[in-house]
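Before any comments, here is the structure.
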């Protein structure tokens, strides 16, 4: 299990290769990459600033990963989340889950991403033509995360 909060971009292929290197038990790798869009809530987005609380953020993500590992049989997990100034088309977040079977890898990856959106302490401020605005939590993200409460 690894959690990295960083300003630098990441190389998805290199991260996947490093995660599965030397482990012949890995039969499936599921991943998700979140990217900055140029439009949000009907407005043009020129950039985004992501802030976090060092130490607390890594701990919260670690707890999310621990929950996923308690629910599904996974071998390795990596979460990389960027902070700082980002522009449209920049990568924001990477979640990689390696497991013996695809079902567990897919489910754990989706769970981790849903919980990152609702429970990890990040704050996003978008720069738009009308000025800067904080991004509010979305009800759809809460609904996506809530469905996992009902599943084992």
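Throughout, read-outs are computed from the coordinates displayed, never taken from laboratory work. Everything numeric in this text was worked out from a predicted model, so none of it was measured. We place every Cβ from the backbone using ideal geometry, glycine too, and count neighbours over all the protein chains shown.
Some points to look at:
- Counted residue by residue at 0.36 nm each, then reduced by the alpha carbon distance between them, the extension gain from residue 32 to residue 132 reaches 33.2 nm.
- Across the chain, Cα pairs under 8 Å and at least six residues apart give a relative contact order of 32 percent.
- Largest mean-square fluctuation among 77, 135, 12, in a Gaussian network model of the chain whose springs join Cα atoms under 10 Å apart, belongs to 135.
- Rounded Å value of the spacing that divides the Cα centres of the stretch 85-120 and the stretch 45-62: 15 Å
- Folded to 0 to 90 degrees: helix 102-119 orientation relative to the chain principal axis, Cα: 30 degrees
- In units of the rule-of-thumb radius 2.2 N^0.38 Å, the chain shows an alpha carbon radius of gyration of 1.07.
- For the stretch 1-84: rounded, prolate or oblate by the Cα gyration tensor [a/c cutoff 1.5]: prolate
- Cβ-Cβ FRET estimate between residue 87 and residue 18, R0 fixed at 25 Å, reported to 0.05: 0.40
- Helix 139-149 vs. the chain, principal-axis angle (Cα, 0 to 90°, nearest 10): 20 degrees
- Each of the peptides 119-130, 97-108 was scored by the mean count of other Cβ atoms within 10 Å over its residues; in descending order, highest first, they stand as 97-108, 119-130.
- The angle between the Cα long axis of helix 56-71 and the longest principal axis of the Cα atoms of the chain comes to about 40 degrees, rounded to the nearest 10.
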